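Accompanying notes for the structure given below.
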Amino acid sequence: MVEFFGKLSEHLGFPIMSSSHGLEIDYMNGWVHWLMLILFVGWGIFFIYVLFRFRAGANPKANYDGVTSHFSRYTEYGVIIFEAILLIGFAYPMWAKIKTQVPMIDENTIEVRVVAQQFAWNVHYPGQDGLFGDTNSDLVDEEVNPIGLDRKSSNGKDDITTINQLHLPVNKQAMIYLSSKDVIHSLSLPEMRVKQDAIPGMTVPVFFTPTMTSSDFLEIIKGTAREGMGYEISCAQLCGNTHLRMKGYLTVHEDNGFEDWLDEQAAELEEEGDDWGDDDDW
């Protein structure tokens, strides 16, 4: 029954669902829309009834006794109970699951730092040692080192950084440590049913599991207005006069494809001899 009524969300124009928790969110939205539909139809019928029942022709003399029936009160009680069930039975547990119950990190978890700034997403992966290198605000250079990564730190030499490009494997939990360099931003991944504010001075954990690769997604959207456009990262918080430029891209790989991408990035890093972190002038 929950699944039947929740499937209304399939007809509401939502983006394609591509994460393990997305179905619950869509079902919740479906139930909320059913409630809104019932309220709209119910109160519409009641309004028409009142217009007809208390029309001037049938009531030439004013009646100051008011309504003696308790029907409207019982209806309001029913709405309150239904909303309480939605809130306590569905919304609170779902919010806890996707926001506050931070999962344990295990060997299959992909950890990534995402640092927002006007107007870009800086992505930081740990190297083969699985540990993030230190960052230092004195090393920040908007051209070559926007997050201030210290390549001389014990764990920073092999770290991988990208701008506006987030890569993840399919069917593995992603743990994103989200922060901001300047103002409040909001990380939005519609297909993953993820949206989280990035607050200056705070690191917020964002966790989800992608369930559809980018190649499968591109295949599904063929023939639609989105054809040829993969998963997009957008900022859902007005953050400045060129806010619309703050767009990035998410690539979800098959497991082997993600490892191959990491190997390519590591090889490029080694080949280029990325030594900007060793500059004594910094």
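State the extension gain, in nm to one decimal, for the chain segment bounded by I80 and Y92, taking 0.36 nm per residue of separation less the distance between their alpha-carbons.
Length gained, I80 through Y92: 2.7 nm.
Relative contact order (percent) for the chain, with alpha-carbon contacts under 8 angstrom and 6 or more residues of separation?
This gives 19 percent for the chain.
Place the peptides 83-92, 220-229, 235-244 in order of packing, highest mean first, counting for every residue the other Cβ atoms within 10 Å and averaging per peptide.
235-244, 83-92, 220-229
Note down the relative contact order for the range 1-160 as a percent, whole number, built from C-alpha pairs under 8 angstrom at least six residues apart.
Averaging sequence separation for qualifying contacts and normalising by length gives 13 percent for the range 1-160.
If I take every Cα pair under 8 Å that is 6 or more residues apart in the range 126-282, average their sequence separation and divide by the length, what percent do I get for the relative contact order?
Relative contact order of the range 126-282: 25 percent.
Treat each spin label as a single point 7 Å out from the Cα along the C-beta direction, and report the K61 to D134 distance in nm.
For the pair K61/D134, the computed spacing is 9.2 nm.
Suppose we take every Cα in the chain and form the convex hull; what volume per residue is that in Å³?
With only Cα atoms used, the chain gives 202 Å³ per residue.
If I model a spin label at E272 and K247 as a point 7 Å from the Cα along the Cα→Cβ vector, what separation in nanometres do I get?
Between E272 and K247, the label points sit 2.4 nm apart.
Under 21 Å between alpha carbons: how many lysine pairs meet that in the chain, if sequence neighbours fewer than 8 apart on the same chain are excluded?
Eligible lysine pairs with Cα atoms under 21 Å apart amount to 9.
Please report how far the C-alpha centroid of the range 27-76 lies from that of the range 200-260, rounded to the nearest whole angstrom.
Using only Cα atoms, the two centres lie 45 Å from each other.
What FRET efficiency comes out for the pair E259/L218, r = Cβ-Cβ distance, R0 = 35 Å, nearest 0.05?
Between E259 and L218 the formula returns 0.95.
Each reported figure results from applying straightforward, stated rules to the coordinates on display, with no laboratory input. This one's a predicted model, so the numbers in the text were calculated from it and none came from an experiment. Neighbour counts are summed over all protein chains in view; Cβ atoms, including those assigned to glycine, are modelled from backbone coordinates with ideal geometry.
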